[in-house]
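First up is the structure itself, then whatever we jot down about it.
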Amino acid sequence: MKQDLIIYHGSQQIVEVPKFGIGKKYNDYGQGFYCTESIELAKEWACPLKNDGYSNKYLLHVDGMNVMHLTKGEVNILNWLAILLKHRKFDITSPIGNNARDFILSRFMPDTTNVDVMIGYRADDSYFSFAEDFVNNTISLRDLNLAMQLGTLGEQVVLLSKQAFEQIEFIEHEVVDYRKYYYKRAKRDQNARAAYAGRKKNLQQLIGDIFILDIMREDMKHDDPRLQSIISE
């Protein structure tokens, strides 16, 4: 039996009753209600501007629902990237980029037809730029996999189906002081970029790296051991 989740939604508004079927379709995982199990992360999301926001707290009953985890089990970071490519607008800056986009969608897009709740990385700012760089063949798969772990990104919990919206209960809200969390959010992004830029590679590491061009040339599939060895690092 799956356990219930305590989740938080950071917003400029108090949201007591999340509504199904509204919201932006070009968010990370499409149209849905975006939350997190981390109250600190929700407070950062509540202050994208220099205005106080709200951290809304909920109880989500997940028993009986189809929950897809994008960071564990059979699913990996390339599946996460395919979902991102389906919904977000990428800045394709290389000749390889357009072919890479089509290839990733055709080879690594998981079946999300009956998914009620999706849990995985949130592509904030620097993290989205890392994903773009991989698609444009600028960074390797190892780089992307590591980059998503920088800056203590955390995970988002996204309600996608009508059933999921029917199984969430509002508990309370808390006012969030932008004077702390607006700057904390910016600092998280800066730390991720600095940590990534601070990594130095030697020739041996570069030889062992796999880029999207390599994946396409070799027509690698989801279960290719070369991909799995990097993703599992």
>> If I filter the stretch 47-58 for residues that are of a type in the set (A, V, I, L, M, F, W, C) and in contact with a Phe, Trp or Tyr (Cβ under 6 Å, 6 or more places away or on another chain), do I get at least one hit?
In response: yes
>> Against the conditions (1) modelled with pLDDT under 85; (2) open to solvent by less than 60 Å² (accessible area, probe 1.4 Å); (3) of a type in the set (Ser, Thr, Tyr), where does Ser229 fall short? Just the number, please.
In response: (2)
>> Please go through (1) buried (at least 20 other Cβ atoms within 10 Å of the Cβ); (2) assigned to a helix (DSSP H, G or I); (3) within 18 Å of the chain's Cα centre (by Cα); (4) not aliphatic (A, V, I, L, M) for Gln156 and return the number of the only condition it doesn't satisfy.
In response: (2)
> (1) farther than 25 Å from Gln190 by Cβ; (2) aromatic (Phe, Trp, Tyr); (3) under 15 Å from the mean Cα position of the chain (by Cα): which one isn't true of Trp45, the others all being true?
Replying inline: (1)
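Quick test for you: out of Val75, Val67, pick the one residue that is open to solvent by 10 Å² or more (accessible area, probe 1.4 Å) and under 28 Å from Asn137 (Cβ atoms). Walk me through it before giving the result.
Details: Val67 fails: under 28 Å from Asn137 (Cβ atoms).
Testing whether each residue is open to solvent by 10 Å² or more (accessible area, probe 1.4 Å) and under 28 Å from Asn137 (Cβ atoms) leaves just Val75.
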> Filter the stretch 108-132 for residues that are of a type in the set (D, E, K, R) and outside any loop (DSSP other than H, G, I, E, B); which is farthest from Arg193 (Cα to Cα)?
Replying inline: Glu132
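Which of the residues belonging to the stretch 97-116 are in contact with a helix residue (DSSP H, G or I) (Cβ under 6 Å, 6 or more places away or on another chain) and of a type in the set (Lys, Arg)? It would help to see each step written out before you state the result.
Restricting attention to the stretch 97-116, the residues satisfying the condition of being in contact with a helix residue (DSSP H, G or I) (Cβ under 6 Å, 6 or more places away or on another chain) are 97, 100-101, 103-105, 108-110, 116.
The one that is in contact with a helix residue (DSSP H, G or I) (Cβ under 6 Å, 6 or more places away or on another chain) and of a type in the set (Lys, Arg): Arg101.
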>> For the stretch 80-91, give me the residue count where each residue is open to solvent by 50 Å² or more (accessible area, probe 1.4 Å) and either without any contact (Cβ under 8 Å) to a residue 12 or more places away in the chain or assigned to a loop (DSSP other than H, G, I, E, B) (or both).
In response: 3
>> Tally up the residues in the stretch 8-37 that are closer than 27 Å to Lys180 by Cα, under 14 Å from the mean Cα position of the chain (by Cα) and open to solvent by 30 Å² or more (accessible area, probe 1.4 Å), please.
In response: 2
>> All but one of (1) in a helix (DSSP H, G or I); (2) of a type in the set (A, V, I, L, M); (3) over 20 Å from the mean Cα position of the chain (by Cα); (4) at pLDDT 80 or above hold for Ile207; state the number of the condition that does not hold.
In response: (4)
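Could you tell me whether the stretch 52-60 includes any residue that is assigned to a loop (DSSP other than H, G, I, E, B), under 17 Å from Phe170 (Cβ atoms) and open to solvent by less than 20 Å² (accessible area, probe 1.4 Å)?
First, the residues of the stretch 52-60 that are assigned to a loop (DSSP other than H, G, I, E, B): 52.
Keeping just the survivors that are under 17 Å from Phe170 (Cβ atoms) gives none.
No, because not a single residue in the stretch 52-60 is assigned to a loop (DSSP other than H, G, I, E, B), under 17 Å from Phe170 (Cβ atoms) and open to solvent by less than 20 Å² (accessible area, probe 1.4 Å).
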> Cβ-Cβ below 9 Å, separation at least six or inter-chain, first residue in the stretch 124-140 and touching a residue at least 60 places away in the same chain (Cβ under 8 Å) and open to solvent by 30 Å² or more (accessible area, probe 1.4 Å), second among the β-branched types (Val, Ile, Thr) and assigned to a helix (DSSP H, G or I): which pairs?
Replying inline: Asn137/Ile96; Asn137/Ile212
>> Where the second residue is in a helix (DSSP H, G or I) and open to solvent by 70 Å² or more (accessible area, probe 1.4 Å) and the first is touching a residue at least 24 places away in the same chain (Cβ under 8 Å) and lies in the stretch 175-196, which pairs have Cβ atoms under 7 Å and are six or more apart or on separate chains?
In response: Asp189/Asp125
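The values are calculated or read from the model by the stated rules, or taken from the named source; none is laboratory data. Just so we're clear, the structure is a prediction, and the values are computed from it rather than from any experiment. Positions of Cβ are backbone-derived with ideal geometry, glycine not excepted, and every protein chain shown enters the neighbour counts. Each accessible area value is taken on the protein alone, full model and side chains, heavy atoms only, with ligands, DNA and RNA left out. Shrake-Rupley method; radii C 1.70, N 1.55, O 1.52, S 1.80 Å.
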